[in-house]
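Colleague: Have a look at this one.
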């Protein structure tokens, strides 16, 4: 098996960020297919290796990326600065392989099982990202920094909190990938079924 192919590479483009998690926002989730060639499972997998999104030195089967921006309101209260409003806008994009041409029946069945499993795997990465955004809300909304009438110190405090949350999310994704891609793991089994099938 080509060990350079990996799953769930999560790109971080975190702006800054919110404390009481609210249900007012919802992530926008979309798929961005990339085209692969082949009529057998082995050919499709080889095409993924050639055309998949770049990940480190190799290529990934799929990729989860996100863009996170915030609408914030800071208020000066008795010389302190308070973050009173923080509304996230989160867009998660799942890049997934898609055969360029219709597949023969046997290959189609194995492909459907494979891509459904890959899609579920990537959605777990998406869930981790959404949970991180809720954690950012909890860590920053209502944050008060004393002796900060021009709301400058609060930004440094928020940046330090966000760094830890971002690192935790990335580590969680790496740990998940390690389990899924290990010999005998879920993704490893999906790959073997695809490659060894028709």
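Colleague: Being part of a helix (DSSP H, G or I) and at pLDDT below 90 narrows it down to one residue among 155, 123, 119; which is it? Break it down stepwise before answering.
Modeller: Values: 123 fails: at pLDDT below 90; 119 fails: at pLDDT below 90.
Criteria check complete, one pass: 155.
Colleague: Same structure, new question: Can you spot a residue in segment 143-151 that is touching a helix residue (DSSP H, G or I) at 6+ places or on another chain (Cβ under 9 Å), surrounded by 15 or more Cβ atoms within 10 Å (Cβ to Cβ) and in a helix (DSSP H, G or I)?
Modeller: No - not one qualifying residue is present in segment 143-151.
Colleague: On to the next question. Taking segment 105-116 as the search range and keeping residues that are under 30 Å from residue 173 (Cβ atoms) and buried (at least 19 other Cβ atoms within 10 Å of the Cβ), which one is farthest from the chain's Cα centre (by Cα)?
Modeller: 110
Colleague: Restricting to segment 172-198, and then to whatever is in contact with a helix residue (DSSP H, G or I) (Cβ under 7 Å, 6 or more places away or on another chain) and outside any helix (DSSP H, G or I), can you tell me which residue is modelled with the lowest pLDDT?
Modeller: Among those that are in contact with a helix residue (DSSP H, G or I) (Cβ under 7 Å, 6 or more places away or on another chain) and outside any helix (DSSP H, G or I), it is 198.
Colleague: Kindly evaluate residue 96 against the criterion of being at pLDDT 95 or above and assigned to a strand (DSSP E or B).
Modeller: Yes; evaluated as a whole, the condition is true for this residue.
Colleague: To continue, here is another question. List pairs: first residue in segment 36-54 and on the phi > 0 side of the Ramachandran plot, second residue surrounded by fewer than 18 Cβ atoms within 10 Å (Cβ to Cβ) anywhere in the structure, Cβ distance under 8 angstrom, at least six positions apart or on different chains.
Modeller: Note: pairs meeting the criteria are 38/46.
The values are calculated or read from the model by the stated rules, or taken from the named source; none is laboratory data. From a predicted model like this one, the values you see are computed outputs, not experimental measurements. Glycine also receives a Cβ, built like all others from the backbone with ideal geometry; neighbour counts cover every protein chain displayed.
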